[in-house]
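Student: Please find one structure pasted underneath; my questions will follow.
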There are 2 protein chains.
Amino acid sequence: MESKKAIEALAALAHEGRLAAFRLLVRAGDEGLPAGELARLLACPANTLSTNLGILSRAGLVTSHREGRSIVYGANYDGMSKLVTFLTKDCCEGRARVCEPVDVVALSL
Amino acid sequence: MESKKAIEALAALAHEGRLAAFRLLVRAGDEGLPAGELARLLACPANTLSTNLGILSRAGLVTSHREGRSIVYGANYDGMSKLVTFLTKDCCEGRARVCEPVDVVALSL
DNA sequence: TCGATATTTCCAGAAATATGGAATCAAAGA
DNA sequence: TCTTTGATTCCATATTTCTGGAAATATCGA
């Protein structure tokens, strides 16, 4: 991941409403959630949320597909994984001090 | 790490100049780099860089201490590690899809 | 085709962030 | 103490981002 893309992803997540939306999508699992449902859960106007989902989508952090009248969003783990790899490997040169805590998490699964 | 702090760290890194500064500090190792040297390397006005180092510092991503007339900055791996843990564990609930690529990096060291 | 529902796009004002010149502060040396 | 050097703070301007009303688009069912 080149740094331009990483910055886009970092900026996308550096926003309370967008971070909350992403976390809800993670909890929703593979079925995802339609935009309207997400707006209701977040108590956020539909158009504002739509803008924010667009930002997350362009950053590669969420996916979407139409289902009838709804557009269903889902967390894109691949995008998040690339960002985490960028931070640990490209950015911190893979130093154990940054990677170790992640190891513990990963091994405990 | 609570999300307020995570957002602060994400926003701090979501900036070309600040990300570049952080990476230089990683490469500089434990001795760190004085602000002026960093400004020279980044071809950035001293006051602009100072503002940005302040943002990184408040976000817990760099440390600093005075050495004579200079103020020496260093990467704070603990802060970065907390951010990475937030993204993988708190944010993605420790899903292997996000953690695995990091594992590979960590194990290859 | 019409109306209802779901979502996005357009747009403009408000708010936050970025930038760098000038002034200020801190340390060192003469 | 005065000057020089290194860095930060102050401040005004420029730019970007955020927000949500209104309008537009898409789909479905009658």
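The values are calculated or read from the model by the stated rules, or taken from the named source; none is laboratory data. The model shown is predicted, which means the values in this text are computed figures rather than measured ones. Methodologically, a virtual Cβ is constructed for each residue, glycine included, from the backbone with ideal geometry; neighbour enumeration extends over all protein chains shown. The accessibility values were calculated without ligands, DNA or RNA, using every heavy atom of the protein model including side chains. Shrake-Rupley method; radii C 1.70, N 1.55, O 1.52, S 1.80 Å.
Student: For the interface of chains A and B, what total accessible area is buried with a 1.4 Å probe, rounded to the nearest 100 Å²?
Tutor: Working: alone 7200 and 7210 Å², together 10700 Å².
That pair of chains buries around 3700 Å² in total.
Student: Using a label point 7 Å beyond Cα on the Cα-Cβ vector, give me the inter-copy distances for residue A:23 in nanometres, one decimal, shortest first.
Tutor: List, nearest first: 3.0 nm.
Student: With the label 7 angstrom out along Cα to Cβ, how close does residue A:96 come to the same site in each of the other copies, in nm, nearest first?
Tutor: Those separations, rounded to one decimal, come out as 2.5 nm.
Student: Here is a follow-up. Using helices alone, I'd like the mean residue ellipticity at 222 nm for chain B: each DSSP H run of four-plus residues gives -39500 (n - 2.57), total over residue count, nearest 500. Mind showing how you got there, number by number?
Tutor: Numbers: 6 runs with 66 residues, N = 109.
When only DSSP H runs of four or more count, the value is -18500 deg cm²/dmol.
Student: Working with all protein chains in place, sort B:48, A:88 by solvent-accessible area computed with a 1.4 Å probe, largest first. Intermediate results must be reported in sequence, preceding the final value.
Tutor: On the way: B:48 60, A:88 0 Å².
Solvent-accessible surface, decreasing: B:48, A:88.
Student: Given charges of +1 on the Cβ of Lys and Arg and -1 on the Cβ of Asp and Glu, with all other atoms neutral, how large is the dipole of the stretch A:3-107 about its Cα centre, in debye to the nearest 20?
Tutor: Values: 13 positive and 11 negative charges, 53 e Å.
Dipole magnitude for the stretch A:3-107 comes out near 260 debye.
Student: Using θ = phi - 60° and the Karplus curve 6.51 cos²θ - 1.76 cosθ + 1.60, what whole-Hz ³J(HN,Hα) does each residue of the stretch A:67-75 get, with Gly and Pro shown as x?
Tutor: 9, x, 7, 8, 10, 9, 9, x, 5
Student: Tell me the per residue accessible area of the protein assembly as shown using a 1.4 Å probe; a whole number in Å² is fine. Don't jump to the answer; show the numbers that get you there.
Tutor: Working: 10700 Å² over 218 residues.
For the protein assembly as shown, the per-residue accessible area is 49 Å².
Student: Now for a separate question. Between residue B:71 and residues 5 or more places away or on another chain, which pairs have amide H atoms under 5 Å apart, with H built 1.01 Å from N, and which residues are they?
Tutor: Residues meeting the criterion, in which the H sits 1.01 Å from N, are B:35, B:36.
Student: I would also like to ask the following. From the label point of residue A:5, set 7 Å along Cα to the beta carbon, how far off in nm is each other copy's matching point, shortest first?
Tutor: Residue A:5 label point versus its equivalents elsewhere: 3.1 nm.
Student: If I model a spin label at residue A:30 and residue A:5 as a point 7 Å from the Cα along the Cα→Cβ vector, what separation in nanometres do I get?
Tutor: About 2.5 nm separates the two model spin labels.
Student: What are the GluC sites (Glu not before Pro) within the stretch B:1-102 that DSSP puts in a loop, where the Cβ has at most 10 other Cβ atoms within 10 Å?
Tutor: Values: sites: B:2, B:8, B:16, B:31, B:37, B:67, B:93; in loops: B:2, B:93.
Sites meeting the loop and neighbour criteria: B:2.
Student: What do you get for trypsin sites (Lys or Arg not before Pro) in the stretch A:20-105 restricted to DSSP loop and a cutoff of at most 13 other Cβ within 10 Å of the site's Cβ?
Tutor: Numbers: sites: A:23, A:27, A:40, A:58, A:66, A:69, A:82, A:89, A:95, A:97; in loops: A:69, A:95.
In loop regions of the stretch A:20-105 (DSSP not H, G, I, E or B), the sparsely surrounded trypsin sites (Lys or Arg not before Pro) are A:69.
Student: Report, to the nearest whole %, how much of the accessible area of the stretch A:3-107 belongs to carbon and sulfur atoms, 1.4 Å probe, protein only. Mind dumping the intermediate values first?
Tutor: On the way: 2500 of 4950 Å².
Of all accessible area on the stretch A:3-107, carbon and sulfur atoms account for 50 percent.
Student: Under a crude label model (7 Å from the Cα following the beta-carbon direction), how far is residue A:16 from residue A:40 in nanometres?
Tutor: Distance between the two pseudo-spin positions: 2.4 nm.
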